[in-house]
1. Could you sort 289-296, 67-74 so that the peptide with the highest average Cβ count within 10 Å comes first and the rest follow in order?
2. Let's test this: bin the Cα-Cα distances of the stretch 251-383 at 10 Å from zero up to the farthest pair and state each bin's percent.
3. Distance from the Cα centre of the stretch 176-219 to that of the stretch 81-97, in angstrom?
4. Can you tell me which of 82-91, 363-372, 205-214 comes out highest on packing, and rank the rest after it, using the mean Cβ neighbours within 10 Å?
5. Order of 301-312, 190-201 by packing, highest average Cβ count within 10 Å first?
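Just so it is clear, none of the values below were taken in a lab; they were calculated from the coordinates. Since the model is a prediction, treat every value here as computed from it, not as a measurement. In this analysis, Cβ positions are derived from the backbone assuming ideal geometry, glycine residues included, and neighbour counts consider all displayed protein chains.
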């Protein structure tokens with residue numbers, strides 16, 4: 001934890017506080033308990049004490065719903081929102097079971113049992129871990145209110161207008177991918193990142209977490225940490241239609257000029273939408289995005305600029321966990337994006353069903369193109385086309 005805080009403090013003024021009933025903070029009033037309203041007031045107290053006008057607010061695990069509620073109720077205060085290993089309703093998460101289990105373990109003081117919950121923690125650190133758990137929000141015998149059903153902000157998600165980053169640990173103890181997607185899709189300007197680890201941001205890969213936070217909060221382009229496939233990426237494959245015939249028609253010099261112009265436009269749009277241009281393929285390109293929303297927005301902008309080009313482009317998009325190696329990406333999701341692009345016509349954007357699900361609630365509209373078994377894949381795939389009406393949705397670089 002200290003390593004994470006020290007690293008983030010290199011980039012930001014970092015404020016970490018213990019909410020009521022936890023750590024160094026005092027007990028809540030008996031008639032308040034540990035409730036959503038009270039935790040929101042705790043955030044206000046810290047902001048007021050520091051005389052802050054604008055903040056980037058991060059809420060992890062059990063404090064996620066409080067951060068969401070605060071962003072909705074204080075829109076002029078919360079500039080950006082970060083949510084880590086949490087969900088719209090805490091009682092729907094695996095967190096609920098861990099709260100019950102760790103309550104019992106902490107009350108018994110069974111330090112060896114903690115090794116089962118935190119296998120990566122050195123044995124010598126387990127006593128300190130026990131003390132930490134005794135001071136945490138839901139694991140103290142003196143705190144009576146441990147009913148997680150009260151922490152439900154599902155109905156508030158659409159009211160969050162701050163750009164939001166949702167970080168999920170690949171092997172999270174406390175949340176699952178379905179709830180993370182529900183959280184992300186419910187917030188209008190949200191993007192999702194998956195990082196290696198078991199609990200974001202603390203028990204996750206330090207470099208991946210810092211890269212995600214710094215890139216999101218500063219709008220600066222930081223080189224992505226190479227992973228072995230633990231990070232969810234949206235892969236965009238562009239393919240120029242009838243490129244060989246176009247070269248014959250235009251001639252080598254003019255054809256190369258047209259190709260170079262298209263490559264430059266793709267490069268510019270990648271920068272605008274914070275994509276990573278992996279490589280140009282002569283008659284196409286391979287690009288990855290950490291945000292499905294930005295991937296679709298990039299694709300739509302590209303189709304807009306291609307209207308004035310003598311060539312047409314078809315685009316396929318898929319989402320998954322590619323293998324990143326030597327500045328290139330490999331794996332089934334890359335092949336899937338390529339196969340989906342092959343199904344399209346010039347001017348079309350076709351996406352996998354996983355992309356459509358990740359883009360729910362983002363203003364895009366889809367039309368079912370059909371169900372097909374892609375070459376090299378065993379199971380049939382629903383392929384969707386981004387419709388023209390989605391052109392009116394927000395597509396700025398802040399998506």
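1. Top of the packing list down: 289-296, 67-74.
2. It works out to 11, 43, 35, 10, 1, in whole percents.
3. 13 Å
4. Packing proxy ranking, top to bottom: 82-91, 205-214, 363-372.
5. Highest-to-lowest ranking by the protection proxy: 190-201, 301-312.
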